[in-house]
């Protein structure tokens, strides 16, 4: 069984960012179906995707819902910096602030997780 932390860093400004999020969520789906220990983290500009993906009219909403149980959380600092704290809270996504207000990727590496960024 693989241990994978998928980290979404892509913002929402470019069409290519949509492809990165699609591929990141797709990896989480594949790993989940395979029975892997997989988690999804939103960090940096990636936190801006949570309000988008939580919208039932967004084209990736159903895909996001299929992996929502694997969302470890969103960077608390970045949610404030990108002004999406309320929307992230409304989506039921926990804030991660394990290291100076950010998720600790080092902790995950120490726990044996492979970090895959999109």
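The values are calculated or read from the model by the stated rules, or taken from the named source; none is laboratory data. If you're wondering where the values come from, they're calculated on a predicted model, not measured in any experiment. We place every Cβ from the backbone using ideal geometry, glycine too, and count neighbours over all the protein chains shown.
Step by step: first the residues of the range 7-24, then only those that are closer than 19 Å to residue 82 by Cβ and under 12 Å from the mean Cα position of the chain (by Cα), then the one that is surrounded by the most Cβ atoms within 10 Å (Cβ to Cβ). Which residue is that? Give the steps one after another, and end with the answer.
Within the range 7-24, the subset closer than 19 Å to residue 82 by Cβ is 7-14, 16-18, 20-21, 24.
Right, trim to under 12 Å from the mean Cα position of the chain (by Cα) and you get 7-11, 20-21, 24.
Numbers: 7: 22, 8: 28, 9: 20, 10: 24, 11: 16, 20: 18, 21: 23, 24: 24.
So, considering only residues that are closer than 19 Å to residue 82 by Cβ and under 12 Å from the mean Cα position of the chain (by Cα), the one surrounded by the most Cβ atoms within 10 Å (Cβ to Cβ) is 8.
Looking only at the range 72-92, count every residue that is surrounded by 22 or more Cβ atoms within 10 Å (Cβ to Cβ) and in contact with a strand residue (DSSP E or B) (Cβ under 6 Å, 6 or more places away or on another chain) and tell me the total.
3
Anything in the range 102-118 that is over 14 Å from residue 53 (Cβ atoms) and either at pLDDT below 95 or buried (at least 17 other Cβ atoms within 10 Å of the Cβ) (or both)? List them, or say none.
Here is the first cut: in the range 102-118, the ones over 14 Å from residue 53 (Cβ atoms) are 102-117.
Once the filter is applied, which keeps residues that are over 14 Å from residue 53 (Cβ atoms) and either at pLDDT below 95 or buried (at least 17 other Cβ atoms within 10 Å of the Cβ) (or both), the range 102-118 yields 103, 105, 108, 113.
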